[in-house]
Amino acid sequence: MRDLKGRFIKGNKFPKSEEFRKKVSKTLMGHLISEETKNKISKTLIGRKLTEGHIEKLKAKSWMNNQSGENNRMWKGGISKTVEYKRHMRKENKLKRKQVEGSHTLEEWNQLCKTYQYMCLCCKSTDVKLTEDHIIPISMGGTNDIWNIQPLCGSCNSIKHAKTIDYRERMVI
Ligand SMILES: [Zn+2]
């Protein structure tokens, strides 16, 4: 390739102005590779020898793939993709940012709900969506540990608001 003054330029050194790029992309738009070209390309690729570097790269890639998902030592049984887990982690992280002490896992919360037979400890309803209520409110220095959590339905939780009511004491399991 030569520039306007006829000097020889190596491949990439050709100045690519915005205008030029647009022109190229316009030319390539909707341009399909013909069958012939495809065949030519695949023929070139067959039997191509990989360089040492390339092999190493592929090895590293396959190792990375082997470490993902179930094979990873951090695998938690595929819960990280569930809506509940994401919601739980968002809440946990929010509290952590507020420098609230303590934490609990989604498993612990589920276990707690199971212990109380998925019942709101205030109104005793069982067919309600349970929310995590901090017995000693965070605003009053309560922690986010599981022992400071009780399952309440949404309406009971909002009624309780920032008071310290331990419904667990009133429960006989
Ligand atoms: Zn309730």
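Every read-out reported here was derived from the displayed coordinates using simple, explicitly stated rules and does not represent laboratory data. For clarity, every value in this text was computed on a predicted model and none was experimentally measured. Cβ coordinates were reconstructed from backbone atoms using ideal geometry, including for glycine residues, and neighbour counts include every protein chain displayed.
Let me have the relative contact order for the range 83-160, percent, based on Cα pairs under 8 Å that are six or more residues apart.
31
Looking only at Ile55, Ile79, Ile149, which one moves most when the chain is put into a Gaussian network model with springs between Cα atoms under 10 Å?
Most flexible of the set in this elastic network: Ile55.
HN-Hα J couplings of the range 87-101 from phi, Karplus 6.51/-1.76/1.60, θ = phi - 60°, integer Hz, Gly and Pro as x?
Rounded to whole hertz, the list is 4, 4, 5, 4, 5, 4, 5, 4, 5, 5, 5, 7, 6, 7, 6.
As a footprinting exposure proxy, order His134, His54 by other Cβ within 10 Å, with the fewest listed first.
The most exposed by this proxy come first: His54, His134.
What's the angle, to the nearest 10 degrees (0 to 90), between helix 52-66's Cα axis and the longest principal axis of the chain?
20
Can you tell me the 0 to 90 degree angle between the C-alpha axis of helix 35-45 and the longest principal axis of the chain, rounded to 10?
The helix 35-45 is inclined about 80 degrees to the chain.
Of the listed peptides 100-107, 85-92, 34-41, what is their order by residue-averaged count of other C-beta atoms within 10 Å, with the highest listed first?
100-107, 85-92, 34-41
Taking the convex hull of the alpha carbon atoms in the range 28-173, what volume per residue do you get, in Å³?
Cα-based convex hull of the range 28-173, divided per residue, equals 256 Å³.
Could you tell me the ratio Rg/Rh of the range 18-70? Both radii from Cα atoms, Rh via Kirkwood.
Taking Rg over the Kirkwood Rh, I get 1.22.
Compare Lys43, Lys76, Lys129 in a GNM of the chain, Cα atoms joined below 10 Å, and give the one with the largest fluctuation.
Per the Cα network of the chain with a 10 Å cutoff, Lys43 tops the list.
At a threshold of 8 angstrom on Cα-Cα distance, excluding pairs fewer than six apart, so keeping six or more, what relative contact order does the chain reach in percent?
13
Would you calculate, for the chain, the mean residue ellipticity at 222 nm contributed by helices, counting each DSSP H stretch of 4 or more residues as -39,500 (n - 2.57) and dividing by all residues, to the nearest 500?
-12000 deg cm²/dmol
Taking amide H atoms as placed 1.01 Å from N in the peptide plane, list the residues 5 or more away in sequence, or in a different chain, whose amide H sits under 5 Å from that of Asp145.
Ser103
Please determine, in degrees from 0 to 90 and to the nearest 10, the orientation of helix 18-28 with respect to the longest principal axis defined by the Cα atoms of the chain, where the helix direction is its Cα long axis.
90
Tabulate in residue order the Karplus-calculated ³J(HN,Hα) for the range 132-145, using 6.51 cos²θ - 1.76 cosθ + 1.60 with θ = phi - 60°, rounded to whole Hz; enter x for Gly and Pro.
7, 10, 7, 4, 8, x, 3, 5, 9, x, x, 9, 9, 6
Projecting each Cα onto the charge dipole of the range 18-70 (Lys/Arg +1, Asp/Glu -1 at the beta carbon, about the Cα centre), which of Ser68, Ile33, Ile46 comes out farthest on the positive side?
In the range 18-70, that residue is Ile33.
Express in nm, to one decimal, how much length is gained between Trp63 and Cys113 on full extension, taking 0.36 nm for each residue of separation and deducting their alpha carbon distance.
That works out to 14.0 nm of additional length.
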